[in-house]
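The values are calculated or read from the model by the stated rules, or taken from the named source; none is laboratory data. What you see is a predicted model; the values in this text were computed from it and never measured. Note that we place each Cβ from the backbone using ideal geometry, even for glycine, and neighbour counts take in every protein chain shown.
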Amino acid sequence: MAEDFLRDAVKGIKDYVPGQTPKEPGVIKLASNENPFGPSPKALEAITKEGKNLQIYPDQKSLFLREALGKKLNVGEDAIIIGNGSDEIMQIAAATFLKPGEEVIIPENTFSLYEFVTRIFDGRLVFVPLKDQAQDLEAMAKAVTPKTKMIFICNPHNPTGTMISAKDLEDFLNKVPNNILIIIDEAYMEFAESKEFPDSLKYVKNRKNVLVLRTFSKFYGLAGLRVGYGVAKAELTKYMFRLKPPFNVNRLAQAGATAALDDKAFLDKTYKNNLEGKKYLYAELDKLGLKHEKTEANFIYIDLKRSADQLFLDLMKQRVIIRPLTSFGLPEAIRVSIGTKAQNEKFVTALTGLLKA
Ligand SMILES: Cc1ncc(COP(=O)(O)O)c(C=O)c1O
């Protein structure tokens, strides 16, 4: 079909580059920051039970899940909107609020969906470079113009794992005019170890221009189920509900996510494993002389100072899949998800062998 058949916005959109999926048994995937223990067992049990109701459409607004989340987060359920992954909430937010030509401030070298949703709705992209692998909030605040409509913040930051502290976030929120929607993507917040990590829901309560995004894909082990959510003042979510596809979250997803919220044993195990894995990987990377960032997430950013694509291919041959960050604009860096102890050791053995070869 001729290119001139397309909307202009579509021409500028690049295909999404996902982590590679293992095609044979025995290959380990440390490329998409998934939970190395599989799905929450309580979620699995609930999904199996819910299977017998699949002839019935799902609840349009995921009521039970919103009630359960509301209790857990101590916010009213009107403040919560559930999506087919948090990706979908980003798209709904842009569809609801972004007018063509309005500016969207995004950190450089970040999760690609922010650019994607901006482009879909003909927003103007304003990229702000990272500073020492972290988001430069001062520069982001300076990038605000009368045309700015949205700002995306990713905390902890994918792919570098760095954090914005409560104090820095608060200073930033105080600087930015309150007619700009600040979207704080916290896909990895449950893994954060630092005491300085912000309680962003506090800002949702105090301000009408903050939307916090979270997901069941990472900590809860449910990436394949596709459930994420947004939390904002009800005066924002009520318009987002209008733009939400009616049955966007299926019955299995609603049941599974609700059950996963209470799966304390699984969540504790996941958190503890991540802490231990990160300590182990820091130590091994230090021994190899590789520069890496301190992470508040379930992945580690490693600055290779050589071709990430080549290392990716070499590691694939050793049956380990990691994420080269070329598609993030960082061709000499990789991101490695923290796996089980055995997976982390396999990665380190493979990497050591390649670096010494
Ligand atoms: C920063 C960030 N936000 C959002 C997502 C998407 O999450 P979901 O699976 O809920 O769409 C990801 C997934 O990799 C991510 O890294």
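Structural remarks
- The stretch 283-311, residues that are in a loop (DSSP other than H, G, I, E, B) and farther than 22 Å from residue 35 by Cβ: 288, 289, 290, 304, 305, 306, 307
- Subset tally (residues that are within 15 Å of the ligand (Cβ to nearest atom) and either within 16 Å of residue 87 (Cα to Cα) or crowded, with 23+ Cβ neighbours inside 10 Å (or both)) for the stretch 104-119: 11
- Residue check, residue 78 within 14 Å of the ligand (Cβ to nearest atom) and touching a helix residue (DSSP H, G or I) at 6+ places or on another chain (Cβ under 9 Å): no
- Selection count where residues are within 16 Å of the ligand (Cβ to nearest atom), of a type in the set (S, T, N, Q) and surrounded by 12 or more Cβ atoms within 10 Å (Cβ to Cβ), scope the stretch 20-63: 6
- Residue check, residue 185 within 16 Å of the ligand (Cβ to nearest atom) and modelled with pLDDT of 95 or more: yes
- Matching strands (runs of 3 or more DSSP E) fully within the stretch 55-145 where at least 2 residues are more than 16 Å from the chain's Cα centre (by Cα) and under 19 Å from residue 244 (Cβ atoms): 80-83
- Number of residues in the stretch 146-157 that are touching a residue at least 12 places away in the same chain (Cβ under 8 Å), over 20 Å from the mean Cα position of the chain (by Cα) and more than 17 Å from residue 173 (Cβ to Cβ) equals 1.
- Only a single criterion out of (1) aliphatic (A, V, I, L, M); (2) loosely packed, with under 15 Cβ neighbours inside 10 Å; (3) within 20 Å of the chain's Cα centre (by Cα) is not satisfied by residue 2, namely (3).
- Extreme residue, farthest from residue 82 (Cα to Cα), among residues of the stretch 213-238 that are within 11 Å of the ligand (Cβ to nearest atom) and of a type in the set (Ser, Thr, Tyr): 220
- Among residues of the stretch 283-308, those that are surrounded by 15 or more Cβ atoms within 10 Å (Cβ to Cβ) and either within 20 Å of residue 164 (Cα to Cα) or not hydrophobic (A, V, I, L, M, F, W, C) (or both), counted: 13
- Among the residues of the stretch 128-139, those identified as more than 16 Å from the ligand (Cβ to nearest atom), surrounded by fewer than 21 Cβ atoms within 10 Å (Cβ to Cβ) and not charged (D, E, K, R) are 128, 129, 139.
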